[in-house]
1. Restricting to segment 57-89, give me the number of residues that are more than 19 Å from residue 172 (Cβ to Cβ) and part of a helix (DSSP H, G or I).
2. Within segment 366-374, can one find any residue that is surrounded by fewer than 19 Cβ atoms within 10 Å (Cβ to Cβ) and within 26 Å of residue 155 (Cα to Cα)?
3. Would you mention how many residues in segment 375-403 are part of a loop (DSSP other than H, G, I, E, B) and surrounded by fewer than 24 Cβ atoms within 10 Å (Cβ to Cβ)?
4. Kindly indicate whether residue 105 is in the same structural domain as residue 206 (by TED's automatic domain parsing), over 26 Å from residue 270 (Cα atoms) and at pLDDT 95 or above.
5. Working carefully through the options 286, 328, find the one that is touching a strand residue (DSSP E or B) at 6+ places or on another chain (Cβ under 8 Å), assigned by TED's automatic domain parsing to the domain that holds residue 434 and surrounded by fewer than 22 Cβ atoms within 10 Å (Cβ to Cβ).
6. For segment 353-367, state whether one or more residues are in a loop (DSSP other than H, G, I, E, B), at pLDDT 95 or above and under 18 Å from the mean Cα position of the chain (by Cα).
7. Only one of 95, 47 is on the phi < 0 side of the Ramachandran plot, out of contact with any helix residue (DSSP H, G or I) (no Cβ under 9 Å at 6 or more places or on another chain) and modelled with pLDDT of 95 or more. Can you tell me which?
């Protein structure tokens, strides 16, 4: 994340039958600590624990545990990481966080000074004083004080850095072989993580995924390859690993497992993409193992692999993605492998980097998006909600927002605390109350959080997109008439279309329906749901049908007006809806 821009049987692969055996044993192991739960966050409503499994506990003997780890060590090989402690539990958090670089997180901290600064911040929030940062407080202590005194409940800390190094002394065999450890603290963050656990501050590990200059230099067979020979390097001279390469996946996931074992609550994948500038390298580079697949197939498969491998480790997974994905359709036109729907469908948290400075003239209707932080967040989060509303199990939306001044942007504005807060408010205005602040220097003014929370805008008779039922119906029918499958997918009830857009679009093509026109005969709404009577003229498999009447249900689902699609002839568009009428959860 840059604030100035934006081989199945290889060694270490675990055969599926053995992995299933491991999983069964791990479930038993994890139950051992069920009675020793981690306390929730003191900030009411912020943190809860996943502790729904009430099965009878069973303890493995020391000999059984040692045998299990010996088997895993042999099977995982250079990617081996021990299983987590039995008393660790996954947490659910409405994240409100700050990024802290590895170097800043390695600074010594004094709890008394943190407490004293936190008290000054609390006074400021009550209208007493300004809470100016004392000269003797470093960036880490300031961030911890903010987390103790404000709504902030999370810190995102570098683990695997932008340069491919690890910020601690690793025990992952492959990482040790590569020599990537560059410890920045004397105790590998142990005292900091212990303090954060004590203070109930959620711990996110930032793991830079496919931007990795070290692995390609030392194992070039796992890098993006040049057609002319050798490895591809970007404009900064850095090599990138091959996102289609499962060897790379296992390496990244092994580091992620180690981060969980050391105390992190969530793995945040950054640079989980191909390099930007695809038009430059598409013709000169290749990705072994691609086999004709689109780039987003690699990113999707990696996220699925990571989620599966981390299933036995008590941590969420999340991914930072380009802010343009909230408005663009999946990986078009960036061609970097990121699509909002696919990422949201395969992580616990989707984090679009919607920095206003990253948008060019015209985005969101603004000449200078950087000068309109509230509007950028409001519009981008609204689009994010619409996309999430099309998925059966979407990720939580947590935008990365701009906490720096982009002085290189023509027409930029100073990002003062109140301007930074406007982004939080713009996001809240459509119901997204989770966020992460990015500042590469890891310095934040507590005045940012001295703002008035924005209640979600909910106009009577309109959905979160600001559409009336009539406007939503008209938009859907025009999409149906023009075969705009993307629009129709977003406006069709979740239970009535295939989970993946590609499957939905293929199904729509297979109907062989040519819609000639339609007439809206009546539309009766009662509250937030209703029925539209529409007559359609169409041809299906060469057969002409004139003015066939259909009743289309219109109702709110996940805050968005959806339309139950018509079934034409003997080829229904989708399965009948298991209606979720008036669901606004």
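1. Taking segment 57-89 as the starting set, the residues that turn out to be more than 19 Å from residue 172 (Cβ to Cβ) are 57-67, 86-87, 89.
Okay, now just the ones that are also part of a helix (DSSP H, G or I), so 62-67.
Number of matching residues: 6.
2. Looking for residues that are surrounded by fewer than 19 Cβ atoms within 10 Å (Cβ to Cβ) and within 26 Å of residue 155 (Cα to Cα), one finds at least one in segment 366-374, hence yes.
3. Of segment 375-403, the ones part of a loop (DSSP other than H, G, I, E, B) are 389-395, 398-399, 403.
If we keep only those that are surrounded by fewer than 24 Cβ atoms within 10 Å (Cβ to Cβ) as well, we get 389, 391-395.
Adding up the residues that qualify gives 6.
4. No: the conditions fail for residue 105.
5. Working: 328 fails: touching a strand residue (DSSP E or B) at 6+ places or on another chain (Cβ under 8 Å).
Checking each option against the conditions leaves just 286.
6. Pass one, segment 353-367, residues in a loop (DSSP other than H, G, I, E, B): 354-355, 359-362, 366-367.
From what is left, the residues that are at pLDDT 95 or above are 354-355, 359-362, 366-367.
Add one more test, that the residue is under 18 Å from the mean Cα position of the chain (by Cα), and what stays is 354-355.
Yes, that holds for at least one residue.
7. On the way: 47 fails: modelled with pLDDT of 95 or more.
Of 95, 47, the one residue that is on the phi < 0 side of the Ramachandran plot, out of contact with any helix residue (DSSP H, G or I) (no Cβ under 9 Å at 6 or more places or on another chain) and modelled with pLDDT of 95 or more is 95.
Results for (1) at pLDDT below 95; (2) not in a helix (DSSP H, G or I), shown as yes or no for each residue.
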site: 272; (1), (2): no, yes
site: 275; (1), (2): no, yes
site: 279; (1), (2): yes, no
site: 289; (1), (2): no, yes
site: 292; (1), (2): no, yes
site: 299; (1), (2): no, no
site: 302; (1), (2): no, no
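The values are calculated or read from the model by the stated rules, or taken from the named source; none is laboratory data. These figures come from a predicted structure and were not determined experimentally. Glycine gets a Cβ as well: all are built from the backbone with ideal geometry, and neighbour counts include every protein chain shown.
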